[in-house]
Amino acid sequence: MEMHQIRYFLAVCQTLNFTKAAEECNVAQPSLTRAIQKLEEELGGPLFHRERANTHLTELGRLMMPHLDQTLAAAQAAKSLALSVRKGQVAPLRLVIENSVPMKPVVDMLSALQRSIEGVELTLGAGTRQSILEDVLDGDFDLMIAGQAGESDDRVRSWVLFREQCRVVIPNQHPLAAAESITLDQLDGVSLIERIECSLHPKFRAACAAKNVTPAIRHRAASEEQLQQMILAGFGIGICSPNLKLIDGLAAVPFADEEVDRDVVLAAVAGRRFSPATDAFVKIARARNWS
């Protein structure tokens, strides 16, 4: 199936006249007729009832018309987008962000990008650290922002943006809620709810192991909302980034141990070329004063 066949078919749908459709498409009528006949062969049946004064769509033709109309529109949009990119009118950026990373500083950088480059076309995604890494490696996104978890992946190139001080989330009535900070030693044997696939936890586990501290990890949550509701219900305490907005009844106390801090990084696939918008965003992020 070729695009000119679809264009000819839709022209006949509009005019219900092969001669007029050929004129509108600036093609000889025999060429238009042959193209539609070939399309009918590919689709397995006639698209029009050909009557001298009453050409009209068959049932197959009526079923195919919206799909082929959408196909032509998509092709025209893609062609227009490609032309805009060549002319520098559109600057696509596809950015995916780990769920636990705060959005406010990211949005500030995106606003700076929009002010510096005309035609920015932004696609944002989100997910766990592992899922967004796979998205970037598969080419679905250009860049990712995530917490550094354990050893760096040699398939990606990363730049540290800022360091976050991990916090303990506890109910307001907890004895430690009024403390200025909490040490890892104070969590030995304490029931802790783990946030599944959160990049805070590898660092936390490593820091606990280095000090022979063993929190009792009995429960797990798949989202920040689940984590907070479980803490509020008395299942245990949790850990979070300093930018998490807490629900009523919870407090966040910083760790005294620097070993629990995590780096938030901007990363891209090593060796992959940057688009103009991607390159500009990397430069803006690296030049930002994160203090």
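Observations on the structure shown:
- Taking each residue as 0.36 nm, the span from M103 to A28 lengthens on full extension beyond its C-alpha to C-alpha distance by 21.2 nm.
- Nonlocal Lys pairs with alpha-carbon distance under 26 Å, the chain (8 or more apart, or different chains): 9
- Label sites at A75 and R62, each approximated as a point 7 angstrom past Cα along Cα to Cβ, lie 2.5 nm apart.
- A rounded overall shape is assigned to the stretch 163-250, the ratio a/c of its alpha-carbon gyration tensor axes (a ≥ b ≥ c) being less than 1.5.
- Taking amide H as placed 1.01 Å from N in the peptide plane, the amide H of A221 sits under 5 Å from that of E194, R195, I196, each at least 5 places away or on another chain.
- 3J(HN,Hα) from dihedral phi, the stretch 8-20, Karplus parametrisation 6.51/-1.76/1.60, rounded to Hz, x for glycine, proline: 5, 4, 5, 5, 5, 4, 6, 8, 6, 8, 5, 5, 5
- Per residue, the chain reaches -12500 deg cm²/dmol at 222 nm when only DSSP H runs of four or more residues are counted, each adding -39500 (n - 2.57).
- Length added when fully stretched, N212-E259, from 0.36 nm per residue minus Cα-Cα: 15.6 nm
- Kirkwood Rh and Cα Rg combined as Rg/Rh, the stretch 142-194: 1.11
- Karplus (6.51, -1.76, 1.60) ³J(HN,Hα), θ = phi - 60°, over the stretch 53-59, in Hz, Gly and Pro reported as x: 10, 8, 6, 8, 6, 7, 4
- The stretch 166-260 - percent relative contact order, Cα under 8 Å, separation 6 or more: 50
- The chain: radius of gyration and largest Cα-Cα distance (Dmax), Å: 28.9, 91
- Counting Cα-Cα pairs of the stretch 3-86 in 5 Å increments starting at 0 gives whole-percent bin shares of 3, 15, 24, 25, 17, 8, 5, 3, 1, 0.
- Entry note, the chain: relative contact order of 21 percent, from Cα contacts under 8 Å with a spacing of 6+ residues.
Taken together, the values in this text are just the output of simple stated rules run on the coordinates, not laboratory data. Model, not experiment: these values are computed from the prediction. Virtual Cβ from ideal backbone geometry, glycine too; neighbours counted across all protein chains shown.
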